[in-house]
Amino acid sequence: IIGGMLPFAFSAMVMGSVAATVMDIVSEVKFQFERNPNLCAESHISSFERVKPDYLACVLVATRKSLQEMIAPTLLVVLSPLICGLFFGIIALTGMLIGCILSCIQLSLSMTNAGGAWANSKKFIERATGDDAIKSGSSNVYVASLVGDSVGDPLKDTVGPALNVMMRGMTVISLVFADVFLGVNQGRGVYGA
């Protein structure tokens with residue numbers, strides 16, 4: 001049961017990390033617009049007055065924040081098999097890994113496919129309908145497609161692929177420390193009978 005729940009906790013952490021990183025990037029972009037009113041200005045401003053955005057600052061914010069935010073999910077992946085194997089033994093670890101792998105496969109496929117569908121809903125609405133009222137920003141259908149696009153991109157580009165890394169990371173950690181787990185109470189762990 002615990003192994004089956006770990007991918008859901010990991011996914012929630014990763015989605016939270018994406019949201020926190022995006023908010024920091026938005027804050028940086030707002031700061032740049034407040035500091036430079038002519039940032040990306042219209043063509044009636046001369047090229048001498050036009051100011052280019054500081055792209056490097058946005059890249060640095062994204063890099064620093066994403067690395068900082070991925071510490072907790074990484075600790076979950078690394079510490080879960082270590083704690084389970086050391087304290088509860090190799091049989092409990094095997095069960096945790098089986099539950100984790102099965103949940104990861106199902107969740108990864110679901111999130112990747114659903115995220116792709118949500119992300120493409122806006123494009124579909126823009127191309128498929130001839131009704132300009134639906135394509136406008138005030139339409140409930142279009143607003144829903146924007147929300148789907150905002151949620152779908154992190155699902156298909158971040159969480160789905162990250163679950164594959166989670167599966168591999170947990171199994172590799174378990175294999176690397178297999179001798180250690182076997183050495184604790186003959187593989188039964190600290191609390192094993």
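The values are calculated or read from the model by the stated rules, or taken from the named source; none is laboratory data. Being a predicted model, the structure only gives us computed values, none of them experimental. Cβ coordinates were reconstructed from backbone atoms using ideal geometry, including for glycine residues, and neighbour counts include every protein chain displayed. Side chains included, ligands, DNA and RNA excluded: accessible areas come from the protein's heavy atoms. Shrake-Rupley method; radii C 1.70, N 1.55, O 1.52, S 1.80 Å.
Helical content of the chain, expressed as a calculated mean residue ellipticity at 222 nm, amounts to -27000 deg cm²/dmol (DSSP H runs of 4 or more residues, -39,500 (n - 2.57) each, divided by residue number, nearest 500).
For segment 12-122, averaging the sequence separation of C-alpha pairs within contact (under 8 Å, six or more residues apart) and dividing by the residue count gives a relative contact order of 25 percent. Pairs of Cα atoms nearer than 8 Å and 6+ residues apart set the relative contact order; for the chain it is 31 percent. Solvent-accessible surface of protein heavy atoms, probed at 1.4 angstrom with all chains present, puts S11, S110 in the order S110, S11, largest first. In the context of the full set of protein chains, residues of the chain present 61 Å² of accessible surface per residue (probe radius 1.4 Å, heavy atoms only). Overall, the accessible surface of the chain at a probe of 1.4 angstrom is composed of carbon and sulfur to the extent of 68 percent.
Stretching E34 away from F87 to a fully extended chain increases their span by 13.7 nm, per 0.36 nm per residue minus the current alpha-carbon distance. The structure shown yields P(r) over Cα pairs in 5 Å bins from 0, in percent, and of the options [x] 1, 8, 16, 20, 20, 17, 11, 5, 2, 0, 0; [y] 1, 7, 12, 16, 16, 14, 13, 10, 7, 4, 0, 0; [z] 1, 7, 12, 12, 12, 12, 12, 9, 7, 5, 4, 3, 2, 1, 0, 0 that calculated value carries the label [z]. Taking N164, N120, N38 in turn, the Gaussian network model of the chain (Cα-Cα springs below 10 Å) assigns the largest fluctuation to N38. Taking Cα atoms only, the orientation of helix 160-176 departs from the longest principal axis of the chain by about 30 degrees. Run the reach check for K65 against lysines, Cα to Cα strictly under 29 Å, same-chain hits fewer than 8 apart removed. What comes back? Cross-link targets: K30, K52, K122, K156.
For the set I83, I125, I90, solvent exposure ranked by accessible area (probe 1.4 Å, protein chains only) runs largest to smallest as I83, I90, I125.
Working from label points 7 Å from Cα in the Cα-to-Cβ sense, the F177 to V22 distance is 3.4 nm. Applying 1/(1 + (r/R0)^6) with r as the Cβ-Cβ distance of V151 and C58 and R0 = 25 angstrom yields a FRET efficiency of 0.70. Just to verify a number: what accessible area does L175 come out at with the full protein assembly present, 1.4 Å probe, Å² rounded to tens? Accessible area of L175: about 140 Å².
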